[in-house]
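Enquirer: Take this structure first; my questions come after.
Read-outs: derived from the displayed coordinates by stated rules, not from any lab. The structure displayed is predicted, hence computed values, not measured ones. All Cβ positions, glycine included, derive from the backbone under ideal geometry; neighbour counts span all protein chains shown.
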Amino acid sequence: MIRCRGEFPDYRTGYARRLFYEGSGLPIPVRGSSGLWISITADGHTPSGDNLYTGPRLARPGLETLKASALGGDFEGQVTFAFALRHRAVRRVFYRSPNRMVIDFRHQ
């Protein structure tokens, strides 16, 4: 779940075998049989330079489908998150009030 301020932003998603940090191009240290990224059209920091996202930069929750998640970066008006999955899972992305984006992966 990602908390948003203001109106809900646009986003894009896609599957990738390898996931990389925005800007640097360095690999994100997560492994899975499949990877999913979500890129949100939003500023990731305040005008003074403080990060708006305060959650974990890298998490390994040990769930059935989701092996790991990571903040992929905040670069040129895009905030990207990466997800390492055990398999290419059906997902849905939706919004919940107040100001939450939910990424839901189907378990097999």
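Enquirer: Assuming R0 = 25 Å, what is the FRET efficiency of Arg106 and Tyr53, from their Cβ-Cβ distance, to the nearest 0.05?
Expert: 0.50
Enquirer: Where does the charge balance sit around Thr13 when Lys and Arg score +1, Asp and Glu -1, over other residues with C-beta under 13 Å from its C-beta?
Expert: +2
Enquirer: Is there a quick way to get the dipole size of the chain? I mean about its Cα centre, with the Cβ of Lys and Arg at +1 and of Asp and Glu at -1; what is the value in debye to the nearest 20?
Expert: The calculation lands at about 680 debye.
Enquirer: Taking R0 as 41 Å, what's the FRET efficiency between Thr46 and Arg18 from their Cβ-Cβ distance, rounded to 0.05?
Expert: 0.85
Enquirer: To two decimal places, what compactness ratio does the range 2-105 give when its Cα radius of gyration is scaled by 2.2 N^0.38 Å?
Expert: 1.04
Enquirer: Can you put Leu26, Leu36 in order of Cβ neighbours within 10 angstrom, beginning with the fewest?
Expert: Leu26, Leu36
Enquirer: Another one. Give me, ordered by chain and number, the residues 5 or more places off Phe20 or on other chains with an amide H under 5 Å from its own placed amide H.
Expert: Ile28
Enquirer: With the chain treated as a Gaussian network of Cα nodes joined by springs under 10 Å, which of Ser69, Ser48, Ser24 yields the largest mean-square fluctuation?
Expert: Highest fluctuation of the listed residues: Ser48.
Enquirer: Okay, moving on. Using the 10 angstrom Cβ neighbour count as an exposure proxy, how do Phe83, Phe20, Phe94 rank, fewest first?
Expert: Ordered from fewest to most neighbouring Cβ atoms within 10 Å, Phe83, Phe20, Phe94 come out as Phe94, Phe20, Phe83.
Enquirer: Using a basic spin-label model with each label point 7 Å from the Cα along Cα→Cβ, how many nm lie between Ser34 and Phe8?
Expert: About 2.3 nm, to one decimal.
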